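In what follows, a structure is listed as structure tokens, so that the remarks can point back to it.
The values are calculated or read from the model by the stated rules, or taken from the named source; none is laboratory data. Just so it is clear, the structure is predicted and the values come from calculations on it, not from any experiment. When we count neighbours, we look across all protein chains shown, and the Cβ atoms used for this are built from the backbone with ideal geometry, even at glycine. Just so you know, the surface numbers come from the protein's heavy atoms only, side chains and all, with ligands and any DNA or RNA stripped out. Shrake-Rupley method; radii C 1.70, N 1.55, O 1.52, S 1.80 Å.
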Amino acid sequence: DTSSSSTAHLRKMADEDQPEAGEVLFCGMTDWKQVGRGKTEDEDTFPNILEPTRIATLKGVSIAKVCGGSAAAHCMAIAADGRVFTWGRNETGQLGLGDVDNRAAPTEVKALAGIKVVDGSCGKSHTVVVTADGNAYAWGSNKHGQLGVGSIARTKPKEDDNRLVPVQCSVSACGAVACGAEFTMWICGDDGRLLSAGLPQYGQLGHGTDGEYNMATSSVKLAYEAQPQPLPIAALAGRKITKVASGHNHTIAVDDQGKFHTWGFGGYGRLGHKVQKDEWTPKMVEIQGGDRNLCPPDCVVAAGQTTSWVTALQGQMYCFGRLKTTGDNTMYPVPFLDLQGWRLRSVACGATTYAACGEDQAITWGQGAGCGELGYGPKGPKSSANPKLVESLGGKHVIQVACGIGHTLFLIKPSDADGLPEWEPPADAPPAAAPGGKKRTSAAPKKGAPATKKGKK
């Protein structure tokens, strides 16, 4: 039984390759209703966090992975014991908590109780996770079939299909997932098949079409045929995909031969094919050095709104796309010299911001919105065209980074979190439970009361 064999293999991999656990730090905007839309409406209750800060409701919870997405205005943290915590914008149920109320405080997704989650990703209005036994669950907007549950349910013709609690995706033996704005990619099986579902508008599903059709017979009104059933990408048949990353409307995939492929929206050169052309099927990217310069098994891959990032030989980071808000586009992979010589563990992209970690440093850069998402502190700049060290994390071991719109997450070695500032989110949801199921004893401020930011000890 191939499925049983794949599931057993995934369990073994999960047991043998336990990720390093840490504590979550956050910086950026906490008024999730306004993220990406305007200024904070109530700065006393929802302050902008200007430097990496501990979240009081997650203290004592050992976190294995932080998850974001270039189009996401919500966050997810996966605990070492497999529990899932979400917070942020929730207008389509993308937090999986059974309602559409925004959350300032990380809140456990109780519907996944007893299920060990090992990986996840956040889209614009949806969230997908992968479990240790190879299943996948999704929640939030299913308007374009991006949850991969096989169908789109509508009780009324113009009503969107929002799933407020996790539903199981129509995939099996899944090992990793990546969410674009309104589509999803899954790596499945021992053979590394890549499956996709959701919006095909720019060819980002990789199936040779953008799904465009005319809704009206008498006038031109274009729409795009949703794909709710995850389907293998035929153009990658025979290639074992080991890494995948999705930006707003494009995807990067690395195979076990060290080659990488891109497809989807081609604007600004983000696909690295030297032309601004959409690709409806995966196309291998030519990188300087060719077969002498391949992506190693532990390569780092990331995709932003308009950019792509991948490490090749000796950990050299290559990038392409619209790297800065001003200046020329980079139409093919070029070495990103600002990070040359770094042993990068993780790179992440927001819409216009970036974060990376390596050695005992964390680096951020990009066009910030002025809400502290780069973590430079109250006296630091709001934006930085070039990578800049996050001073408060100097000499500290950052395990992983994740970005979204208006925020950045850092997963830090627990002992290195001591002495960093701490924030107590408003109590708009029950606080996270510490290991062993014990509730935190320190109560957060009541809803509507001013939030407090604790100073350095």
Exercise. Can you pull out the residues in the range 49-83 that are more than 19 Å from PRO414 (Cβ to Cβ) and either open to solvent by 30 Å² or more (accessible area, probe 1.4 Å) or over 14 Å from the mean Cα position of the chain (by Cα) (or both)?
Worked result: ILE49, LEU50
Exercise. Which condition does TRP365 not pass, out of (1) more than 28 Å from SER125 (Cα to Cα); (2) outside any loop (DSSP other than H, G, I, E, B), if it passes all the others?
Worked result: (1)
For this session: Say whether the condition of being of a type outside the set (Lys, Arg), at pLDDT 95 or above and not in a loop (DSSP other than H, G, I, E, B) is met by at least one residue in the range 2-20.
Result: no
For this session: Give the range 106-129 a look and list any residue that's more than 13 Å from the chain's Cα centre (by Cα) and aliphatic (A, V, I, L, M), or say none.
Result: VAL109, ALA111, LEU112, ALA113, ILE115, VAL117, VAL118
Seminar exercise, completed: Result of the Cβ filter at 6 Å on the range 182-209, keeping first residues that are over 18 Å from HIS248 (Cβ atoms) and among the β-branched types (Val, Ile, Thr) and partners that are open to solvent by less than 20 Å² (accessible area, probe 1.4 Å) and modelled with pLDDT of 95 or more, at least 6 apart or interchain, is ILE187/LEU194; ILE187/ILE241
Problem set entry | Boolean, GLN305 is among the polar types (S, T, N, Q), modelled with pLDDT of 95 or more and open to solvent by 60 Å² or more (accessible area, probe 1.4 Å) | yes
Exercise. For the range 175-258, which strands (runs of 3 or more DSSP E) that fit wholly inside it have 3 or more residues that are of a type in the set (A, V, I, L, M, F, W, C)?
Worked result: 183-188, 193-198, 241-246, 250-255
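One line per residue, one yes/no per condition, for (1) surrounded by fewer than 23 Cβ atoms within 10 Å (Cβ to Cβ); (2) within 25 Å of GLY148 (Cα to Cα); (3) touching a strand residue (DSSP E or B) at 6+ places or on another chain (Cβ under 8 Å); (4) among the hydrophobic types (A, V, I, L, M, F, W, C):
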{"position": "ALA245", "(1), (2), (3), (4)": "no, yes, yes, yes"}
{"position": "HIS248", "(1), (2), (3), (4)": "no, yes, no, no"}
{"position": "THR251", "(1), (2), (3), (4)": "no, yes, yes, no"}
{"position": "GLY266", "(1), (2), (3), (4)": "no, yes, yes, no"}
{"position": "ASP278", "(1), (2), (3), (4)": "yes, yes, yes, no"}
Exercise. Can you spot a residue in the range 324-333 that is under 21 Å from the mean Cα position of the chain (by Cα) and at pLDDT below 95?
Worked result: yes
Exercise. How about the range 36-57: which of its residues are farther than 23 Å from GLU91 by Cα and not in a strand (DSSP E or B)?
Worked result: ALA56
Exercise. Pairs under 7 Å by beta carbon, first residue more than 9 Å from GLY315 (Cβ to Cβ) and touching a residue at least 24 places away in the same chain (Cβ under 8 Å) in the range 335-351, partner outside any loop (DSSP other than H, G, I, E, B) and open to solvent by 40 Å² or more (accessible area, probe 1.4 Å), six or more apart or different chains?
Worked result: ASP338/ASN386
Seminar exercise, completed: Per the list (1) open to solvent by 20 Å² or more (accessible area, probe 1.4 Å); (2) of a type outside the set (A, V, I, L, M, F, W, C); (3) more than 22 Å from LYS143 (Cβ to Cβ), residue check on GLN229 breaks on (3)
Exercise. When the range 281-291 is examined, which residues are found to be buried (at least 20 other Cβ atoms within 10 Å of the Cβ) and either hydrophobic (A, V, I, L, M, F, W, C) or assigned to a loop (DSSP other than H, G, I, E, B) (or both)?
Worked result: VAL285, ILE287
Problem set entry | Top-ranked residue in the range 139-172 [being touching a Ser or Thr at 6+ places or on another chain (Cβ under 9 Å) and closer than 21 Å to ILE252 by Cα; ranked as surrounded by the most Cβ atoms within 10 Å (Cβ to Cβ)] | LEU147
For this session: Among the candidates CYS357, CYS371, single out the residue that is in contact with a His (Cβ under 9 Å, 6 or more places away or on another chain), in a strand (DSSP E or B) and either buried (at least 22 other Cβ atoms within 10 Å of the Cβ) or hydroxyl-bearing (Ser, Thr, Tyr) (or both).
Result: CYS357
Problem set entry | Tally, over the range 30-44, of residues that are charged (D, E, K, R) and crowded, with 18+ Cβ neighbours inside 10 Å | 1
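Yes/no matrix, rows are residues, columns are (1) in contact with a Ser or Thr (Cβ under 9 Å, 6 or more places away or on another chain); (2) part of a strand (DSSP E or B); (3) crowded, with 19+ Cβ neighbours inside 10 Å:
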| position | (1), (2), (3) |
| --- | --- |
| VAL310 | no, yes, yes |
| THR325 | yes, no, no |
| MET331 | no, yes, no |
| GLY341 | no, no, no |
| ALA351 | yes, no, yes |
Exercise. Do we find a residue being surrounded by fewer than 20 Cβ atoms within 10 Å (Cβ to Cβ) and either in contact with an Asp or Glu (Cβ under 9 Å, 6 or more places away or on another chain) or without any contact (Cβ under 8 Å) to a residue 24 or more places away in the chain (or both) anywhere in the range 401-410?
Worked result: no
